[in-house]
Number of protein chains: 2
Amino acid sequence: MSDIEIARAANKKPIQEIGAKLDIPNEHLLPFGHDKAKVSEEFIRSLSGKKNGHLVLVTAINPTPAGEGKTTTTVGLGDGLNAIGKKAAICIREASLGPCFGMKGGAAGGGYAQVVPMEEMNLHFTGDFHAITSAHNLLAAMLDNHIYWGNELDIDIRRVVYRRVLDMNDRALRQVVCSLGGVANGFPREAGFDITVASEVMAILCLATDLADLEKRLGDIIVAYRRDRTPVYARDIKADGAMTVLLQQAMQPNLVQTLENNPAFVHGGPFANIAHGCNSVVATTTALKLADYVVTEAGFGADLGAEKFMNIKCRKAGLKPEAVVIVATVRAMKMNGGVDKKDLGEENVSAVEKGCPNLGRHIENLRKFGVPSVVAINHFVTDTDAEVQAVKDFVASMGSEAILCKHWADGSKGSAELAKKVVQIVEGGTADYKPLYPDDMPLFEKMETIAKEIYRADEVLADAKIRNQLKEWENQGYGHLPVCMAKTQYSFTTDPTRRGAPTGHSLPIREVRLSAGAGFVVAVCGEIMTMPGLPRVPSAESICINEDGLIDGLF
Amino acid sequence: MSDIEIARAANKKPIQEIGAKLDIPNEHLLPFGHDKAKVSEEFIRSLSGKKNGHLVLVTAINPTPAGEGKTTTTVGLGDGLNAIGKKAAICIREASLGPCFGMKGGAAGGGYAQVVPMEEMNLHFTGDFHAITSAHNLLAAMLDNHIYWGNELDIDIRRVVYRRVLDMNDRALRQVVCSLGGVANGFPREAGFDITVASEVMAILCLATDLADLEKRLGDIIVAYRRDRTPVYARDIKADGAMTVLLQQAMQPNLVQTLENNPAFVHGGPFANIAHGCNSVVATTTALKLADYVVTEAGFGADLGAEKFMNIKCRKAGLKPEAVVIVATVRAMKMNGGVDKKDLGEENVSAVEKGCPNLGRHIENLRKFGVPSVVAINHFVTDTDAEVQAVKDFVASMGSEAILCKHWADGSKGSAELAKKVVQIVEGGTADYKPLYPDDMPLFEKMETIAKEIYRADEVLADAKIRNQLKEWENQGYGHLPVCMAKTQYSFTTDPTRRGAPTGHSLPIREVRLSAGAGFVVAVCGEIMTMPGLPRVPSAESICINEDGLIDGLF
């Protein structure tokens, strides 16, 4: 059966029953249909005194076209922990609607380790991203409206840095000239649209601890500069209050369920390049109050996702992860070892061995955060015993352990061993989380630290303009912010074709951006596409409702 | 107490109890929170054999700044009918989010005749408009994507007629040049954004009878023309299936409640100028299967709203209204009689008498549709007995009846007399609905018929280009469509300052537009603003969540 067929055959329980597993009273579950609910702000506030459960991060090797199954393993581990008697919840990100109409939609997990309802999670879900689109664009409209009515703040219309957003792959909107058509429509200027997940408002929603913090951060967004280069904030445009109103409901985490009827919080979905790419702080901290074990994931591979999870999300939210699961597959090891995608079906132990250093690098890197890790080998039907053993041997040689997991085929039965290992690590109590760099390190040094410690680059290249910009931000009081690296996810270097565990490279920083509301400085190392386009034949062409009333073509 | 204070003090019942009043089983109510729900498609299909209840339209005189209270009276009459023992439901339109951040938000009714929850109805509600925004913009993105990848359909990029939409007042987006920035972003062309309610997709959602009809109509949207002037349809872009998927849930009517816990369907919200401005056909026809009396309203005054309700919605949906309520206020009569807004507090019987012909014209006009009417005088605290009597006397002189209604202050107690009168009219069985013109009348003659019969214009002015365009559409098979007049709502003429009941004027048609998917030809008689702007001090500046966690500034 395909993922979607398995998802449709799910024996879903009413969402109130799922909430009851976490002791959430019905009146604090705001239902969206029968299988989705938001958890009320009031209930979340009432949890503040409670003890936290244990936080487990699922991350992965550098992604390859072979697929790793990070979300699948997150779901599988959550189910596995529940199956061995732990009260566990998972925390994953919401999917962006737009891209589902370009390439086929992303499932939430796969096989027998999925979160449902799958269709809705890939469409409007509970409307969070629509709320972000509205809030984001309200600020944009108010900004141009301010200019229109006299520009009291003296905004330089050539220096408006705040763009608009749509949750749609629409390359025609990347770069536009707006306010054309004469006096009634304002002052023509260059503008553009990003996809909603790339919005700073999205990053803010995912990092804000509560509504007050959300409002404060929204007010901190820099929307433009004056001719004297001083920043103009969303607060100056007086948009922060109304944006908060538009986001009030979106701030409440969404509860759904796994195929095994275990609780899953699906909330937030910031881009993992220009933002930090993690499930919302509100969802994660709420889950930690309600469950003994919380399994969450971070975007891309561990060099990007786990690094930001540790250095941005955990640092800022005061989270202390106690175990990390690094997902690897035999197929991805083979691709890292130089095998072509079309040849992945054939046994090739030496290619597996040749690819393993990529995994080894991630194992080493994660130790720098003080959190013990285990490798999950996400099993694929074509994997041979010898190949699996090669990965296990390699990981053992690194002083760590790799566990074969079959949750894709068998659900929690297939992940029981991993779950037990995670419990053993957590109960061992050896975790001592620490971020990689201190708040008070200069911004450029923070970038160097990540480049050298995580990417193993020899040096960071940045011209004087970038270094001066960073100093200027330090002088303005932004020096304490963490940095958010925007780099290809396919390699430790900025060259997506360099797999494995390269050394001796340089990290060129092309551009730096300040996300003053989200609270980080973005270092752009390569191309960043903040508004995708549709392919020649978009999946939308074959998406429809079929004769049985089911959605075809979305998956 | 203010409207919002009254709304917040409402003793709301769980939406399942409201559904039960209409015999909707719980499993067919898709909840959105505890006080909103969508009615399932499956349940709606199951109703097809059932008998229809009685349909009552609430319309009004030409609106004035004094306010008429059309929605308030719709709600009051619904509650009044329930109070006198009839099983009644109301059907009103959803509010647009964007404008609430410009001027203060629109309530759904007022005083003790309101629909709740008020805040959410003015914000994201159940996400219908967001779904329309997504579906609309998906087609736009696919259209530019088609051009980008080779333009196989040979679209003339100067003749793209399909714009994009946002539910936001954003004048900067009215006219833009898109696809700038080089090869990767497409071919630069002129484009623009409308507000979501002005989308043809919105009009289609409100006129479609079911999902299959929705998909067919979406496919019929004309998005562009080739150099040889032949039209390119959404179907040619292969967007109709995916748009239908995005709109599947939005097609399900929303059920909420009045302050007196009676059922209210709030669904659809097309612009009342470039579209027909009525509650969705699906909501109205569903309500008719479930209730004995269904009270609905139409946008603007009766010259625009009721005319389109009769000639477009009822004609196309096979509805047969049995009674019409024309809402008037003493204050509006005074304004029609020449009194300034600031002087409305003073008694002025002669001004009331002078303004009454506006009401009289509407009474006459509605008779042309074969549906008997009654006038509801929506009482305001400053109205004097003599003024009210003047309206009653005038209406009596027209051979009709006016009833003083106090639902704003007293809820259903205040509308009991009106409810009894409506029942009397319906049970009298004299209604014999007929549209004003037949399908097979030429398009220009249809416009002339409305101009002469409803607006009482002497002639319709249109240059040869417009007349030829209409003939071309007739040749293409669109001659059978009804026409949708876009004219100022403030006057029977195209001059918004000409109140009362003018005669001897001309109706100039500036432009005609074909909404092939919605199924009407729009006659533009004056300025149409399809993307509003924000005022100098938008209400958004003072919208926020206050210390009590309540929304301030929205109302």
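Nothing in this text is a laboratory measurement; each read-out follows from the coordinates by a stated rule. Keep in mind that what you see is a predicted model, and the values were worked out from it rather than measured. Here the Cβ is made from the backbone with ideal geometry for all residues, glycine too, and neighbour counts use every protein chain on show.
Observations
- Shortest-first nm distances, residue A:549 label point to equivalent points in other copies (7 Å, Cα→Cβ): 3.7
- The range B:1-148, Cα convex hull volume normalised per residue, Å³: 191 Å³
- Extension gain from residue A:156 to residue A:368, taking 0.36 nm per residue of separation minus the Cα-Cα distance: 71.9 nm
- Ranking of A:531, A:103 by count of other Cβ atoms within 10 Å, fewest first: A:103, A:531
- The same position residue A:225 in the other copies lies at 4.7 nm from this copy, comparing label points 7 Å beyond Cα toward the beta-carbon, shortest first.
- Spin-label model distance (nm) - residue A:480 vs residue B:26, 7 Å beyond Cα toward Cβ: 5.1 nm
- Charge dipole (chain A, unit charges on Cβ, about Cα centre) - positive-most of A:149, A:336, A:95: A:149
- Backbone amide hydrogens, once placed in the peptide plane, bring residue A:534 within less than 5 Å of A:171, excluding anything fewer than 5 places away on its chain.
- Inter-copy separations for residue B:153, label at 7 Å along Cα-Cβ, nm, ascending: 4.0
- Dipole magnitude for the range A:55-176: computed about the Cα centre from +1 point charges on Lys and Arg Cβ and -1 point charges on Asp and Glu Cβ, it is near 340 debye.
- Among A:529, A:118, sorting on how many other beta-carbon atoms sit within 10 Å of each Cβ, with the fewest leading, yields A:529, A:118.
- Approximating the spin labels as points 7 Å out from Cα along Cα→Cβ, the residue B:410-to-residue B:227 distance works out to 7.3 nm.
- Sorted ascending by nearby beta carbons within 10 Å, beginning with the fewest, A:405, B:206 become B:206, A:405.
- Amide H to amide H distances under 5 Å link residue B:404 with B:377, where only residues 5 or more positions off or on other chains count and H is placed in the peptide plane.
- Near residue B:103, the amide H atoms lying under 5 Å from its own belong to B:539; only residues 5 or more places off or on other chains count, and H is placed 1.01 Å from N.
- Average projection area in nm² (convex hull over Cα atoms of the range B:113-213, one quarter of hull surface): 9.0 nm²
- Per-residue average of Cβ from other chains inside 10 Å of A:542-551: 4
- Of all aspartates and glutamates in the structure, those lying under 17 Å Cα to Cα from residue A:434, and not within fewer than 8 positions of it along the same chain, are A:303, A:307, A:322, A:364, A:453.
- Of all DSSP beta bridges in the protein assembly as shown, antiparallel share, percent nearest 5: 45 percent
- Sorting the segments B:493-504, B:263-274, B:234-245 by their residues' average number of neighbouring beta-carbon atoms within 10 angstrom, most packed first, yields B:263-274, B:234-245, B:493-504.
- Basic side chains Lys and Arg get +1 at the Cβ, acidic Asp and Glu get -1 at the Cβ, and with that the dipole of chain A about its Cα centre reaches some 820 debye.
- Dividing the Cα radius of gyration of the range B:376-435 by its Kirkwood radius returns 1.04 for Rg/Rh.
- Beta bridges by DSSP in chain B, antiparallel share as percent, to the nearest 5: 40 percent
- Taking only alpha carbon atoms, the range B:443-525 gives an Rg to Rh ratio of 0.98, where Rh is the Kirkwood radius.
- Debye-formula intensities of the range A:355-401, expressed as log10 I(q)/I(0) at q = 0.15, 0.20, 0.30, 0.32 Å⁻¹, are -0.40, -0.66, -1.19, -1.28 (one equal scatterer per alpha-carbon, no solvent).
- When both bridge partners sit in the range B:138-243, DSSP labels roughly 75% of those beta bridges antiparallel.
- Averaged over the residues of peptide B:95-102, the number of Cβ atoms from other protein chains lying within 10 Å of each residue's Cβ is 3.
- Placing a label point 7 Å from the Cα of residue B:381 along the Cα-to-Cβ direction, the residues of the range B:301-339 whose backbone N falls under 18 Å from that point are B:330-332.
- Normalising by residue count, the protein assembly as shown has a Cα convex hull of 159 Å³ per residue.
- Cα-Cα over 18 Å, subset of B:334/B:392; A:104/B:238; A:104/A:342; B:392/B:421; B:446/B:487; B:13/B:104: A:104/A:342; B:13/B:104
- Sites residue B:401 and residue B:433, calculated FRET efficiency, Cβ-Cβ separation with R0 25 Å, nearest 0.05: 0.80
- Applying a length cut-off of 20 Å (Cα extent along the axis) and a mean Kyte-Doolittle floor of -1.0 to the DSSP H helices of chain B leaves B:128-148, B:349-367, B:412-428.
- Spherically averaged projected area of the convex hull of Cα atoms, the range B:257-388: 9.4 nm².
- For the segment A:116-129, counting C-beta atoms of other chains within 10 Å of every residue's C-beta and taking the mean gives 2.
- Over the C-alpha atoms of chain B, the Rg to Rh ratio, Rh being the Kirkwood estimate, stands at 0.96.
- Simple spin-label estimate for residue A:503 and residue B:11 in nanometres, 7 Å along Cα-Cβ: 7.7 nm
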